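S.K.: Mind having a look at this structure? Questions to follow.
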Amino acid sequence: MSDQRLDIVIVGGGAAGLATAIFARRNSPELSVAILDGAAKLGAKILVSGGGRCNVTNVKVTTADFQGGSRHIIKRILAEFPAEDALEFFREIGVNLHEEPNGKLFPDSNSARTVLNALVAEAQRLGVSILTDCRVQSIEKSPLGFTLQTPSRFLAAPKVVLATGGLSLPKTGSDGGGYALARSLGHSIVPTTPALAPLILEGQFHAALSGISQDVELVLHVEGEPVTRLKGSLLWTHFGISGPVVLDISRFWHSARINGRRAELGINFLPDIDFAACEQRLIDTGTRQPTSAVRSILAGILPARVAEAMLNHLGISPTVQMAHLTRDDRRKLVHGLLKWPVVVKDSRGYAYAEVTAGGVPLDEINSASMESRQCPGLFLVGEILDVDGRIGGFNFQWAWSTGFVAGRGLAPFLSR
Ligand SMILES: Cc1cc2nc3c(=O)[nH]c(=O)nc-3n(C[C@H](O)[C@H](O)[C@H](O)COP(=O)(O)OP(=O)(O)OC[C@H]3O[C@@H](n4cnc5c(N)ncnc54)[C@H](O)[C@@H]3O)c2cc1C
């Protein structure tokens, strides 16, 4: 065992840990900063992000893009290092970003590797020590700050940053161990759930539709009340449903379930019209095309396989001519189009979730510095906090913003 003393030890070298290290050294080049990461290689999650292209941030980031702790605190932190500053920061370190649909910003290289390499190179240029295969097992308060234990050594530092992420995609190294470290230093944890996770459905309706993607509105009813409506692209899969709109609604489904509330999910295939307008549309079509099969009319509204599956499921013959569609069947169809119930068995869990909801409560942090209110000298950044963003680059923006605030917060304190 060797003992080493540093000014700042950052536990976790993902997006938030790297950003914190860079901004801490930029603010205070005289301070020794080390990142300790339990994984053999740094940045596995950055590399898989955005389908391997890394959606670094979004042109428009507001508090409405996040769930979790106080909106007011989230707003203050984001305002310190908004998306424009992230864009400029990445340009400075050699990564130019371009905009794609829904305001998503990706590196021009279309490679997440470019983002990771640039962050690591900048940290190294600034003299940050990076130790991989170095999992922190415990952190204890000591008269001079903190003592950290890893399998091979003890380290001491007056300031420690927890940047250990959440529980999503645990094979990347983010296995929730950071919550135990935070707890041991006096923090509470808002119960966690997977967020941005695909959903497993009961029944077999989805199985035949695997691979089909379509724009829909998802409506989540909790205890019978429609509490969340989200529009976007849904992907049918062999296990159920995925795609951006499903990932986004999954955290609300989990939140209802963890609170013991009855949650029901429905798909609205025609979100821009109501029941009467939808029924009238079918009546008008029947008048104009009385001999057309209902299957071909429906295939003009939905992907053909979804139309066929829906008719079969409703017990309506796909070949029935529009002129012979009974009033009851027409109404059944309208109901199906506007409120197709899907029974969620579960989500695919942390192994497939892009982010974790819950974590260290924001009101246990000083938002001007990211320093813990429970344990002075401890700082917390990134996904370990009780904040989760929707799909679109918002989770990385949270990592950059909290890293910036911590990097600045660490400096004056230490240089006094
Ligand atoms: C498949 C996938 C795709 C995604 N795509 C995007 C995207 O395109 N855009 C976006 O904004 N967000 C995306 N996200 C979310 C985003 O990657 C995370 O929100 C972000 O990486 C969190 O950063 P972090 O630094 O807080 O935590 P992490 O990236 O999870 O890093 C935590 C680090 O801490 C280390 N660690 C944990 N415990 C210890 C310990 N005890 N000792 C030492 N080290 C430890 C881990 O090894 C890990 O390296 C995606 C996530 C996934 C899973």
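The values are calculated or read from the model by the stated rules, or taken from the named source; none is laboratory data. Because the structure is predicted, anything quoted here is derived from the model rather than measured. Using ideal geometry, Cβ is built from the backbone for each residue, glycine included, and neighbour counts are taken over all protein chains shown. Heads up: the accessible areas ignore ligands, DNA and RNA and are worked out on the full protein's heavy atoms, side chains in. Shrake-Rupley method; radii C 1.70, N 1.55, O 1.52, S 1.80 Å.
S.K.: Under 8 Å for C-alpha pairs, at least 6 residues apart: give me the relative contact order for the range 1-147, rounded to a whole percent.
M.R.: Numbers: 204 pairs, mean separation 48.4, N = 147.
Here the relative contact order equals 33 percent.
S.K.: Heavy-atom accessible area of THR62 with all protein chains present, probe 1.4 Å, nearest 10 Å²?
M.R.: Surface open to solvent at THR62 totals about 50 Å².
S.K.: Sequence gap at least 6, Cα distance under 8 Å: using those rules, report the relative contact order of the range 78-227 to the nearest whole percent.
M.R.: On the way: 111 pairs, mean separation 13.1, N = 150.
Reported as a whole number, the value is 9 percent.
S.K.: Under a Cβ-Cβ cut-off of 12 Å, what is the net charge of the residues other than GLU225 that fall near it, where Lys and Arg count +1 and Asp and Glu count -1? Write out the running numbers ahead of the final one.
M.R.: Details: positive: ARG229, ARG261, ARG262; negative: GLU223, GLU264.
With Lys, Arg at +1 and Asp, Glu at -1, the neighbours total +1.
S.K.: Once you place label points 7 Å from the Cα toward the Cβ at ASP284 and LYS41, how far apart are they in nm?
M.R.: Label at ASP284, label at LYS41, 5.7 nm between them.
S.K.: Continuing with the same structure: Let me check I've understood the local charge: for ASN102, count other residues with C-beta under 12 angstrom from its C-beta, Lys and Arg +1, Asp and Glu -1. What total comes out? Write out the running numbers ahead of the final one.
M.R.: On the way: positive: LYS60, LYS104, LYS231, ARG390; negative: ASP65, GLU99, GLU100, ASP248.
Local charge sum for ASN102: 0.
S.K.: Enter the accessible area of LYS231 (Å², nearest 10), with the probe set to 1.4 Å and all protein chains included.
M.R.: The value for LYS231 is about 130 Å².
S.K.: Projecting each Cα onto the charge dipole of the chain (Lys/Arg +1, Asp/Glu -1 at the beta carbon, about the Cα centre), which of THR150, ILE391, LEU6 comes out farthest on the positive side?
M.R.: About the Cα centre, the residue reaching furthest to the positive side is THR150.
S.K.: Pairs LYS231/LYS332; LYS75/LYS339; LYS41/LYS231: which are spaced more than 28 Å apart, C-alpha to C-alpha?
M.R.: Values: LYS231/LYS332 23 Å; LYS75/LYS339 35 Å; LYS41/LYS231 37 Å.
Over 28 Å Cα-Cα: LYS75/LYS339; LYS41/LYS231.
S.K.: How far is helix 275-288 tilted, in degrees, relative to the longest principal axis of the Cα atoms in the chain, given as a value from 0 to 90 rounded to the nearest 10?
M.R.: Helix 275-288 sits at roughly 50 degrees to that axis.
S.K.: Could you work out the percent of alpha carbon pairs in the chain separated by over 26 Å, rounded to a whole number? Each step should come with its number before you reach the end.
M.R.: Values: 49539 of 86320 pairs.
The answer is 57 percent, as a whole percent.
S.K.: Work out the length of the dipole vector of the chain about its Cα centre, built from +1 on the beta-carbon of each Lys and Arg and -1 on the beta-carbon of each Asp and Glu, and round it to the nearest 20 debye.
M.R.: Working: 41 positive and 39 negative charges, 63 e Å.
Computed charge dipole of the chain: roughly 300 debye.
S.K.: Kindly report, to the nearest 10 Å², the accessible surface of SER184 as traced by a 1.4 Å probe over protein heavy atoms only.
M.R.: Accessible area of SER184: about 80 Å².
S.K.: Give me the number: length gained by fully extending GLU140 to LEU314, i.e. 0.36 nm times residue separation minus the C-alpha to C-alpha distance, one decimal in nm. Mind dumping the intermediate values first?
M.R.: Values: separation 174, 0.36 × 174 = 62.64 nm, distance 6.18 nm.
Contour length minus the Cα-Cα distance gives 56.5 nm.
S.K.: Now for a different question. Taking Cα atoms, how many degrees apart are the long axis of helix 244-258 and the longest axis of the chain, rounded to 10 and kept between 0 and 90?
M.R.: In the chain, helix 244-258 runs at an angle near 80 degrees to the longest axis.
S.K.: Rounding to the nearest 20 debye, state how big the charge dipole of the range 205-289 is about its Cα centre with +1 on each Lys and Arg Cβ and -1 on each Asp and Glu Cβ.
M.R.: On the way: 8 positive and 10 negative charges, 56 e Å.
Value, rounded to 20: 260 debye.
S.K.: Where both partners of a DSSP beta bridge lie in the chain, what percent of those bridges are antiparallel, to the nearest 5?
M.R.: Numbers: 52 of 71 bridges.
Here the antiparallel bridges make up roughly 75 percent for the chain.
S.K.: Another question, then. Label points 7 Å out from Cα along the Cβ direction at ALA79 and GLN149: separation in nm?
M.R.: Output for this residue pair reads 4.3 nm.
S.K.: Still on this structure, please answer the following. I want to check the label-to-label distance for THR291 and ASN96. Put each point 7 Å from Cα in the C-beta direction and report it in nm to one decimal.
M.R.: With each label point 7 Å from Cα toward Cβ, the separation is 6.0 nm.
S.K.: Also, I was wondering about something else. What FRET efficiency, computed as 1/(1 + (r/R0)^6) with R0 = 25 Å and r the Cβ-Cβ distance, is obtained for VAL343 and GLN214, rounded to the nearest 0.05? Write down the numbers at each step before the final one.
M.R.: On the way: r = 19 Å, r/R0 = 0.77.
About 0.80, to the nearest 0.05.
S.K.: I want the local charge near ASP274. Using Cβ-Cβ distances under 13 Å, sum +1 for each Lys or Arg and -1 for each Asp or Glu among the other residues.
M.R.: Working: positive: ARG281, LYS339; negative: GLU217, ASP272, GLU279.
Value of the local net charge: -1.
S.K.: Mind ranking THR356, THR287 by accessible surface for me, highest first, 1.4 Å probe?
M.R.: Working: THR356 0, THR287 105 Å².
If we order THR356, THR287 from most to least accessible, we get THR287, THR356.
S.K.: LYS171 to VAL227: extension gain in nm, 0.36 nm per residue of separation minus the Cα-Cα distance?
M.R.: In short, 16.8 nm is gained.
S.K.: Right, another one. Given R₀ = 51 Å, FRET efficiency for HIS72-ALA207 by Cβ-Cβ distance, to 0.05? Walk me through the intermediate numbers first.
M.R.: Working: r = 45 Å, r/R0 = 0.88.
In this case the efficiency is close to 0.70.
S.K.: Identify, among THR291, ASN259, GLY358, the residue whose Cα sits farthest towards the positive end of the charge dipole of the range 259-416, taking +1 on the Cβ of Lys and Arg and -1 on the Cβ of Asp and Glu, with the dipole about the Cα centre.
M.R.: Among THR291, ASN259, GLY358, the one farthest towards the positive end of the dipole of the range 259-416 is THR291.
S.K.: Would you mind calculating the gained length between ASN366 and ASP133 on full extension (0.36 nm times residue separation, minus the Cα-Cα distance), in nm to one decimal? Intermediate results must be reported in sequence, preceding the final value.
M.R.: Details: separation 233, 0.36 × 233 = 83.88 nm, distance 3.06 nm.
That pair, ASN366 and ASP133, stretches by 80.8 nm at full extension.
S.K.: A follow-up question, please. Tell me what the chain gives for mean residue ellipticity at 222 nm when only DSSP H runs of n ≥ 4 count, each as -39,500 (n - 2.57), the sum divided by the residue total, rounded to 500 deg cm²/dmol.
M.R.: Numbers: 12 runs with 143 residues, N = 416.
Roughly -10500 deg cm²/dmol at 222 nm, from the helical runs in the chain.
S.K.: Which of the listed residues, PRO244, SER213, ASN268, is farthest toward the dipole's positive end in the range 196-268, when Lys, Arg count +1 and Asp, Glu count -1 at the beta-carbon?
M.R.: Farthest along the dipole direction, towards plus: PRO244.
S.K.: I need to check one value: relative contact order of the chain, counting alpha carbon pairs closer than 8 Å and at least 6 residues apart, in percent.
M.R.: Details: 945 pairs, mean separation 103.0, N = 416.
Computed over the chain, the figure is 25 percent.
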